[in-house]
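Q: Got a structure for you, questions after.
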Amino acid sequence: MPLFRLAIVVLAAAALPAVAATNDKAAARPDAQRAAFKAAWQDIQAGKLSPASAQLHALENYPLYPYLRYAYVDRNLKTLPPATVAKFLTDYPQLPPTPALRYRWLRELAQNGEWTWFTNYYDGGDAPALVCASISAGLTGSDTATLSDAKRARLIATAKRLWLSDRDQPRECDPVFKYLAAHKLITKDMIGERFAMALESHHLDLAAYLADRLSKGAQARAAHWQHMAADPGATLAAGGFSDSADDRALLVFGLERLAQQNAASAKASWADVKNRFHFDIHQRANVERQIALSEARQHLPDAYRDLTRIGASGYDLVKQWRVRTALWNGAWHSALARIADLPASRRASRQWRYWRARALAATGHDKEADAIYRKLAHETGYFGFLAADRLGVDYTFAHQASQPDPTVMADIDQRPGIVRAHELFEVGLLDFAEGEWRAATQNLSTAQRCQAGLLAADWNWHAAAIRTLSGGGCWDDLKLRYPIAYSDAIGAQAQNLNLDPAWLYGMVRSESLFAANAISRSGALGLMQLMPATGRQVAARLGLDLDGDGLLDPATNITIGSAYLDHVRGRFGDNACLATAAYNAGPNAVAQWLPDASMDADVWVANIPYRETRRYVRRVMAHTVIFDWRIGGTVKRITARMGEIAPPAAAPGSTATARTAAP
């Protein structure tokens, strides 16, 4: 089929879903049509289909036909004539993946020097790669002979601003920077300024690159910073620092870096240098704050004293860790006083209301404590459950079933974006489905969002339902927010490994919202968000072959994730609280966080050094209670689930890798 004819068909197809959706769904989109789409999609990815193929022609009336056109253009972006890509962008400007495709295409045009096409389709966005490309188009394109002096000056000024960055710029900027260098527009002063900026922001590879264009002294300075980054303890111990501004900045960098690794060593090093060098007031405050916070996170004995010695004006984190450290030490009077120091907005939160009640009860103010507990106990969540346990009352499960509105649901169900999202979900292209769903629901009213969430739940698209209900006035529908999904796989693993199924459900919901395609920024995959290295390690132990995409298969992911959870549970004496933390942060990290004496689990959780893990454990424990209620039967108390946190026992170290390591 000629490309111009194909474009007309594609444009017409974009309007078809609204009509098709009015018919019986089974007739409009039979399984055979979905199967044909999947086959065509795979063939396009493998380079086996041309735009004129009969296989594509047979799907022209299918709502996802535009995605086949997208797949073809995307796969062949480097080789297609610009006019073909431009036609697709013109025909499908509202398709959610189109902006990203345009961005990639513009970068290809710049790489190939197709400046006329680039200029016609660049919309003036501020992405550095495209800004640099637009400068190249002006300075080196076909119209350079007619470029006015004023326009050239503006382009050069923009290029200099981009060059004076404290970090590397994208490859599209290389020709621009070469132009500046060839015309001697990058001065030694500019290089020195950028070198200083790179050091200040700790982009040390860039600093080292720039240092090679400066003096031997700059090169030595860059090397010294790199040594400090690699081994701050040894570099600080070696000494040889002068009382110059440069060396003082280097010392501050090293001390703060060392504090994150070993606060006690950083504290000793700081005691050695703080009175020998003329650090300014901000440097002193920053070092002492970092050391004190690191002492608290590393649970060192002097943490509370050092946190109270430093200023906390404007530093909410210091105030919070003062409370946490007082809790760790069992200093309830101090905890009560430090909670009073928190900003009013903090004190009003569930977290700090609960801890105020705990401190009040521990200091003999039972009546005040019970009043706070009673209010909290009416809430469905971690601190509400803990408060209910303190009072010995039943949990509140604030469930309110949503009320479907068939008229509104039918209207939403017929919208082209919703139709495409549903079909993409059904054929397994979940990333594209989520893009269509976000675009189609972002401007819905609150009531419409509620009905859209119910629609997604009807399709068993749990991640979309949960996210949409959160902003749609149906937040109290616990049955939709906590679906009993993947029950066969979860039930089988719970039985095989003697794991609490509610705990497994709580883990899956916390990790992925039941989205089998979930991929985190760190590369964790699937329902239980396993890192590939951990997945391979556990799969080998189980005697399973794990291919590249194996962790995105729900049954495989649950099998391996459950086995890893069972492994860390055994590592920590069947304590679900510790095992949950270890699943997130790694067992080696959790082993370092164990107290010297037994303590209540809620106090231990409050003192987990990693904010993500701290929130994760609270979330999983609360979700587990709610899933226990959802499954039915007697609900196990959250304090019984969390147990008591005991000192470390003599046990062999674990070699399992941490999934999350961001403090």
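The values are calculated or read from the model by the stated rules, or taken from the named source; none is laboratory data. Everything numeric in this text was worked out from a predicted model, so none of it was measured. Glycine gets a Cβ as well: all are built from the backbone with ideal geometry, and neighbour counts include every protein chain shown. The area values use the complete protein model at the heavy-atom level, side chains included, leaving out ligands, DNA and RNA. Shrake-Rupley method; radii C 1.70, N 1.55, O 1.52, S 1.80 Å.
Q: Look at S265 and say whether it is assigned to a loop (DSSP other than H, G, I, E, B) and either within 33 Å of the chain's Cα centre (by Cα) or under 23 Å from V590 (Cβ atoms) (or both). So that I can check it myself, show each step before the final result.
A: Numbers: assigned to a loop (DSSP other than H, G, I, E, B): no; either within 33 Å of the chain's Cα centre (by Cα) or under 23 Å from V590 (Cβ atoms) (or both): yes.
No.
Every residue, every condition in (1) of a type in the set (S, T, N, Q); (2) closer than 23 Å to V85 by Cα; (3) without any contact (Cβ under 8 Å) to a residue 60 or more places away in the chain, yes or no:
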position: Y122; (1), (2), (3): no, yes, yes
position: A137; (1), (2), (3): no, yes, yes
position: K151; (1), (2), (3): no, no, yes
position: T158; (1), (2), (3): yes, no, yes
position: R161; (1), (2), (3): no, no, yes
position: S165; (1), (2), (3): yes, no, yes
position: Q169; (1), (2), (3): yes, no, yes
position: P175; (1), (2), (3): no, no, yes
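Q: Among the numbered conditions (1) in contact with a helix residue (DSSP H, G or I) (Cβ under 7 Å, 6 or more places away or on another chain); (2) within 30 Å of A649 (Cβ to Cβ); (3) surrounded by 23 or more Cβ atoms within 10 Å (Cβ to Cβ), tell me where L527 comes up short.
A: (2)
Q: Name the residues in the range 269-287 that are under 20 Å from A234 (Cα atoms) and outside any loop (DSSP other than H, G, I, E, B), would you?
A: S269, W270, A271, D272, V273, V287, listed by residue number.
Q: Looking only at the range 621-644, count how many residues are in contact with a Gly (Cβ under 7 Å, 6 or more places away or on another chain) and either surrounded by fewer than 19 Cβ atoms within 10 Å (Cβ to Cβ) or within 23 Å of A606 (Cβ to Cβ) (or both).
A: Our first condition is that a residue be in contact with a Gly (Cβ under 7 Å, 6 or more places away or on another chain); within the range 621-644, this holds for 622-624, 627.
Filter once more, keeping what is either surrounded by fewer than 19 Cβ atoms within 10 Å (Cβ to Cβ) or within 23 Å of A606 (Cβ to Cβ) (or both): 622-624.
The number of residues fulfilling the criteria is 3.
Okay, residues lined up against (1) open to solvent by 60 Å² or more (accessible area, probe 1.4 Å); (2) closer than 30 Å to A264 by Cβ; (3) not small (G, A, S):
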site	(1), (2), (3)
C173	no, no, yes
F177	no, no, yes
K188	yes, no, yes
A198	no, no, no
A211	no, no, no
L214	no, no, yes
Q219	no, no, yes
A234	no, yes, no
A238	yes, yes, no
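Q: Consider the range 481-507. How many of its residues are within 24 Å of C450 (Cβ to Cβ) and part of a helix (DSSP H, G or I)? Before the answer, list the steps.
A: Pass one, the range 481-507, residues within 24 Å of C450 (Cβ to Cβ): 481-485, 505.
Remaining after also requiring part of a helix (DSSP H, G or I): 481, 505.
Here the count works out to 2.
Q: Separate question: Here is a check on your reading of the model: is Y583 at pLDDT 95 or above, on the phi < 0 side of the Ramachandran plot, in contact with a strand residue (DSSP E or B) (Cβ under 8 Å, 6 or more places away or on another chain) and not β-branched (V, I, T)? Before you say what the answer is, go through the steps one by one.
A: Details: at pLDDT 95 or above: yes; on the phi < 0 side of the Ramachandran plot: yes; in contact with a strand residue (DSSP E or B) (Cβ under 8 Å, 6 or more places away or on another chain): no; not β-branched (V, I, T): yes.
Criteria not met by Y583.
Q: Determine whether R615 is under 20 Å from the mean Cα position of the chain (by Cα), part of a helix (DSSP H, G or I) and either buried (at least 21 other Cβ atoms within 10 Å of the Cβ) or at pLDDT 95 or above (or both).
A: Taking the combined requirement at face value, the residue satisfies it.
Q: Report whether or not A456 is buried (at least 21 other Cβ atoms within 10 Å of the Cβ) and either part of a loop (DSSP other than H, G, I, E, B) or in contact (Cβ under 8 Å) with a residue 12 or more places away in the chain (or both). Spell out the reasoning first.
A: On the way: buried (at least 21 other Cβ atoms within 10 Å of the Cβ): yes; either part of a loop (DSSP other than H, G, I, E, B) or in contact (Cβ under 8 Å) with a residue 12 or more places away in the chain (or both): yes.
Here the answer is yes, as A456 does meet what is asked.
Q: From D74, D43, which residue is part of a helix (DSSP H, G or I), open to solvent by 50 Å² or more (accessible area, probe 1.4 Å) and acidic (D, E)? Break it down stepwise before answering.
A: On the way: D43 fails: open to solvent by 50 Å² or more (accessible area, probe 1.4 Å).
After ruling out the rest, the residue left standing is D74.
Q: Mind checking which residues of the range 51-62 are open to solvent by less than 60 Å² (accessible area, probe 1.4 Å) and more than 22 Å from E426 (Cα to Cα)? Walk me through it before giving the result.
A: Start the filter on the range 51-62 by keeping residues that are open to solvent by less than 60 Å² (accessible area, probe 1.4 Å), which leaves 51-53, 56, 59-60, 62.
Answer for the range 51-62, where residues must be open to solvent by less than 60 Å² (accessible area, probe 1.4 Å) and more than 22 Å from E426 (Cα to Cα): P51, A52, S53.
Q: Which ones in the range 127-165 are of a type in the set (G, A, S), within 17 Å of G113 (Cα to Cα), touching a helix residue (DSSP H, G or I) at 6+ places or on another chain (Cβ under 9 Å) and assigned to a helix (DSSP H, G or I)?
A: Answer for the range 127-165, where residues must be of a type in the set (G, A, S), within 17 Å of G113 (Cα to Cα), touching a helix residue (DSSP H, G or I) at 6+ places or on another chain (Cβ under 9 Å) and assigned to a helix (DSSP H, G or I): A129, A133, S134, S136, A137, G138.
Q: Moving to a separate point now. Of everything in the range 506-524, what is polar (S, T, N, Q) and open to solvent by 30 Å² or more (accessible area, probe 1.4 Å)? Give them in sequence order. Show your work before the answer.
A: As a first pass, look at the range 506-524 and keep what is polar (S, T, N, Q): 510, 512, 517, 520, 522.
Listed by number, the residues that qualify are S520, S522.
Q: All but one of (1) closer than 27 Å to A198 by Cα; (2) acidic (D, E); (3) in contact (Cβ under 8 Å) with a residue 12 or more places away in the chain hold for D126, so report the exception by its number.
A: (3)
Q: Give the range 459-480 a look and list any residue that's free of Cβ contacts under 8 Å to residues at least 40 places away in the same chain, of a type outside the set (S, T, N, Q) and assigned to a loop (DSSP other than H, G, I, E, B), or say none.
A: Result: W459, W461, G471, G472, G473, W475.
Q: Moving on to the next point. Determine, yes or no, whether L386 is in a loop (DSSP other than H, G, I, E, B), over 30 Å from A452 (Cα atoms) and of a type in the set (A, V, I, L, M, F, W, C). If you could, list the steps in order and put the result at the bottom.
A: Working: in a loop (DSSP other than H, G, I, E, B): no; over 30 Å from A452 (Cα atoms): yes; of a type in the set (A, V, I, L, M, F, W, C): yes.
Criteria not met by L386.
Q: Let me ask another. Test of understanding: among R374, R322, R305, which residue is assigned to a helix (DSSP H, G or I), under 28 Å from the mean Cα position of the chain (by Cα) and of a type outside the set (A, V, I, L, M)? Before the answer, list the steps.
A: On the way: R374 fails: under 28 Å from the mean Cα position of the chain (by Cα); R305 fails: under 28 Å from the mean Cα position of the chain (by Cα).
Going through R374, R322, R305 in turn, just one is assigned to a helix (DSSP H, G or I), under 28 Å from the mean Cα position of the chain (by Cα) and of a type outside the set (A, V, I, L, M): R322.
Q: Here is a follow-up. In the range 463-485, how many residues are of a type outside the set (S, T, N, Q), at negative phi and open to solvent by 30 Å² or more (accessible area, probe 1.4 Å)?
A: Kept after step one, since they are of a type outside the set (S, T, N, Q), are these residues of the range 463-485: 463-467, 469, 471-485.
Retained after the next criterion (residues that are at negative phi): 463-467, 469, 471-472, 474-485.
Applying the additional criterion that residues be open to solvent by 30 Å² or more (accessible area, probe 1.4 Å) yields 467, 471, 475-476, 479-480, 484.
Of the residues in that region, 7 qualify.
Q: Looking at the range 269-293, which of its residues are surrounded by fewer than 15 Cβ atoms within 10 Å (Cβ to Cβ), over 36 Å from the mean Cα position of the chain (by Cα) and closer than 22 Å to A303 by Cα?
A: A271, D272, N275 - these are the residues of the range 269-293 that are surrounded by fewer than 15 Cβ atoms within 10 Å (Cβ to Cβ), over 36 Å from the mean Cα position of the chain (by Cα) and closer than 22 Å to A303 by Cα.
Q: Open to solvent by less than 60 Å² (accessible area, probe 1.4 Å), assigned to a helix (DSSP H, G or I) and farther than 16 Å from V287 by Cα - does that describe any residue in the range 242-249?
A: no
Q: Under the condition of being β-branched (V, I, T) and in contact with a Ser or Thr (Cβ under 8 Å, 6 or more places away or on another chain), which residue from the range 90-125 is surrounded by the fewest Cβ atoms within 10 Å (Cβ to Cβ)?
A: Among those residues, the one meeting the criterion is T116.
Q: Still on this structure, I have one more. If you take the residues of the range 300-323 that are under 12 Å from R346 (Cβ atoms) and surrounded by fewer than 16 Cβ atoms within 10 Å (Cβ to Cβ), which of them is modelled with the highest pLDDT?
A: Top of the filtered list is L317.
Q: When you scan the range 556-608 for helices (runs of 4 or more DSSP H) that lie fully inside it, which ones turn up with 3 or more residues that are open to solvent by 20 Å² or more (accessible area, probe 1.4 Å)? Steps first, please.
A: Working: elements: 576-585, 587-593, 601-606.
Filter on the range 556-608 gives 587-593.
Q: Just checking, how many residues over the range 312-358 are under 21 Å from E288 (Cβ atoms) and not aliphatic (A, V, I, L, M)?
A: Number of matching residues: 15.
Q: May I pose another question? What number goes with the only condition from (1) within 30 Å of P51 (Cβ to Cβ); (2) of a type in the set (G, A, S); (3) open to solvent by 40 Å² or more (accessible area, probe 1.4 Å) that A182 does not pass?
A: The number of the failed condition is (1).
Q: Does the range 409-431 hold any residues that are more than 17 Å from A40 (Cα to Cα), open to solvent by 40 Å² or more (accessible area, probe 1.4 Å) and either touching a residue at least 24 places away in the same chain (Cβ under 8 Å) or touching a Ser or Thr at 6+ places or on another chain (Cβ under 8 Å) (or both), and which are they?
A: Result: Q414, R415, P416, D431.
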